[in-house]
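Below: one structure, written as structure tokens.
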Amino acid sequence: MDVAYAPDRPPQVLVPFHRAEAISAAEAAELAGKHERTIRLWCEMHGIGRRIAGGPWRVSRVALGMLLDGDRAALQAYLQGDRTSPVVVAYFDREGLGRLIRLWTSKSEISETAT
């Protein structure tokens, strides 16, 4: 499943970053029933994870769920930075991370009223 994202910027995986969304490649492999090497390849091929400062892969549990479900539209929206559309929010909710959407949305509303 190839997913396109904005060519002028990298995939917006784990952006904004919150440790509750990020899991290790080993944890992702266990959830997916795959080898850790496969998860690392998926991170490179499908943009479901990222490395910060050359560290180990951190995988978005949300993006992994989208990939495993074959939900190309949701994954593409997520990788383009969408964190508010119902199709993306549903995956955050499913992973028990709906509070992150509410947190990010409230911060966004605060910064908009401050300008």
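Here are a few things to note about the model shown:
- Tally of residues being assigned to a loop (DSSP other than H, G, I, E, B), more than 17 Å from Ile48 (Cβ to Cβ) and either touching a Ser or Thr at 6+ places or on another chain (Cβ under 9 Å) or modelled with pLDDT under 90 (or both) across segment 78-115: 2
- Filtering segment 25-61 to residues that are of a type in the set (Phe, Trp, Tyr) and closer than 23 Å to Ala73 by Cα leaves only Trp42.
- Single match in Ser106, Ser24, Ser85, Ser60 (criterion: closer than 23 Å to Asp8 by Cα and more than 10 Å from the chain's Cα centre (by Cα)): Ser85
- Cβ separations smaller than 6 Å between residues 6+ apart or across chains give the following pairs from segment 69-91 residues that are free of Cβ contacts under 8 Å to residues at least 12 places away in the same chain to residues that are surrounded by fewer than 16 Cβ atoms within 10 Å (Cβ to Cβ) and assigned to a loop (DSSP other than H, G, I, E, B): Ala77/Ser85.
- Scanning segment 29-57 for residues that are within 14 Å of the chain's Cα centre (by Cα) and either polar (S, T, N, Q) or surrounded by 14 or more Cβ atoms within 10 Å (Cβ to Cβ) (or both) gives Ile39, Trp42, Cys43, His46, Gly47, Ile48, Gly49, Arg50, Trp57.
The values are calculated or read from the model by the stated rules, or taken from the named source; none is laboratory data. Note that the structure is a prediction, hence the values are computed from the model and not measured. For neighbour counting, all protein chains shown are included, and Cβ atoms are generated from backbone atoms with ideal geometry for every residue, glycine included.
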